[in-house]
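Here's the structure, in structure tokens; my notes come after.
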Amino acid sequence: MRLRPSGIVAFLFALFIIPVNAYAHFGMLVPSNDIVEKQQDTLLSVNIMFAHPFEGQLMNMEKPEVVGVFSNGKKNLLTPSLRALRLKMYADTTFTRSWQVYHTIKRPGDHIFFMQPKPYWEPAEDSYIVHYTKVIVNAFGKEDGWDAEIGLKTEIIPLTRPYGLYTGNVFQGIVKVDGEPRPFAKVEVEYFNRDGTSSASKAPFVTQVVKADKNGVFTYALPKAGWWGFAALSTDSRTVLQDGEHKSVEIGAVLWIKAENFK
Ligand SMILES: [Cu+2]
């Protein structure tokens with residue numbers, strides 16, 4: 001059957017309005033507490049996930065390659081104590097494999113938890129995704145290292161202290177790739193819509209997008225109490241060989257911070 005010209009126009013138009021599945025992915029590290037001040041709070045659990053945090057969907061996650069905590073100038077590997085966990089976010093219909101690690105805070109100071117996942121194959125992007133993820137926990141009032149660079153392939157170094165943040169505060173960080181500031185890096189920002197009570201009237205509200213300046217510095221003001229994720233994205237120089245084809249790898253420097261309401 002031949003299409004009349006008007007039919008062709010309608011068909012072409014339809015091609016352009018098919019919504020793109022633009023959900024942003026985020027590596028996630030969510031600790032049970034980000035400011036430890038009492039002895040009974042020193043045992044932390046950290047949930048390790050790969051998700052669409054606003055949309056409330058988890059992706060199945062392979063065992064992370066490296067999980068650790070950096071404090072007092074030293075890296076402590078936690079990979080051996082990783083345990084698999086089946087979790088569900090608000091929009092999930094099934095439980096999905098995630099990970100968890102326990103760590104007891106023994107000394108005052110900043111504790112930078114970090115995670116390097118296995119490359120995740122995303123068919124929709126014809127690319128692998130590796131999100132180097134961090135979250136910072138402060139203990140017993142000693143603020144001594146939240147701005148440390150721990151040497152990840154790509155990393156967000158906070159310029160704003162990443163805890164004790166009020167809703168509405170501005171947060172700034174510097175995006176680095178291979179230890180160098182990345183000018184004009186694209187940073188995706190998403191709210192962890194934990195209980196599903198937040199909603200977006202239109203798609204661009206789900207994932208906020210800011211770009212770093214020429215020094216790799218980005219700025220964002222936190223509009224709501226809760227956990228916020230920042231993912232600074234770039235393309236790795238390495239590729240992964242899959243079925244004889246070289247596939248690109250999206251690398252993300254991810255940082256999670258928590259805002260609380262001023263009372
Ligand atoms: Cu996904």
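The values are calculated or read from the model by the stated rules, or taken from the named source; none is laboratory data. Small disclaimer: the values here were computed from a predicted structure and weren't measured. Neighbour counts run over all protein chains shown; Cβ positions are idealised from the backbone, glycine included. Surface accessibility is based on the protein's heavy atoms, side chains included, excluding ligands, DNA and RNA. Shrake-Rupley method; radii C 1.70, N 1.55, O 1.52, S 1.80 Å.
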Given the condition farther than 22 Å from Arg161 by Cβ and in contact with a Lys or Arg (Cβ under 8 Å, 6 or more places away or on another chain), answer yes or no: does some residue in region 221-229 qualify?
no
Note: among Ile17, Ile35, just one is farther than 22 Å from Ile136 by Cα and either out of contact with any Asp or Glu (no Cβ under 6 Å at 6 or more places or on another chain) or at pLDDT below 95 (or both), namely Ile17
* To do: Take Gln172 and decide whether it is of a type in the set (S, T, N, Q), without any contact (Cβ under 8 Å) to a residue 24 or more places away in the chain and either open to solvent by 50 Å² or more (accessible area, probe 1.4 Å) or under 27 Å from Ser71 (Cα atoms) (or both).
  => no
Note: among Ala51, Ala124, Ala91, just one is within 16 Å of the ligand (Cβ to nearest atom) and assigned to a helix (DSSP H, G or I), namely Ala124
Expected single match for within 20 Å of Asn47 (Cβ to Cβ) and without any contact (Cβ under 8 Å) to a residue 40 or more places away in the chain among Thr160, Thr96 is Thr96
Of those in region 127-155 that are over 22 Å from Thr42 (Cβ atoms) and out of contact with any Lys or Arg (no Cβ under 9 Å at 6 or more places or on another chain), the residue farthest from the ligand (Cβ to nearest atom) is Lys153
Taking region 127-163 and keeping only residues that are assigned to a loop (DSSP other than H, G, I, E, B) and open to solvent by less than 40 Å² (accessible area, probe 1.4 Å), one is left with Gly145, Ala148, Ile150, Leu152, Thr160, Pro162, Tyr163
Condition (residue is over 18 Å from Phe50 (Cα atoms) and aliphatic (A, V, I, L, M)) applied to region 79-86: is it met by at least one residue? no
Scanning region 103-121 for residues that are surrounded by 13 or more Cβ atoms within 10 Å (Cβ to Cβ), away from the ligand (no atom under 16 Å from the Cβ) and in contact (Cβ under 8 Å) with a residue 40 or more places away in the chain gives His103, Ile105, His111, Ile112, Phe113, Phe114, Met115, Gln116
Note on region 54-76: residues open to solvent by 30 Å² or more (accessible area, probe 1.4 Å) and assigned to a strand (DSSP E or B) are Gln57, Val66, Phe70, Lys74, Lys75, Asn76
Those strands (runs of 3 or more DSSP E) completely within region 182-263 that have 3 or more residues that are open to solvent by less than 60 Å² (accessible area, probe 1.4 Å) are 186-191, 217-221, 226-242, 245-260
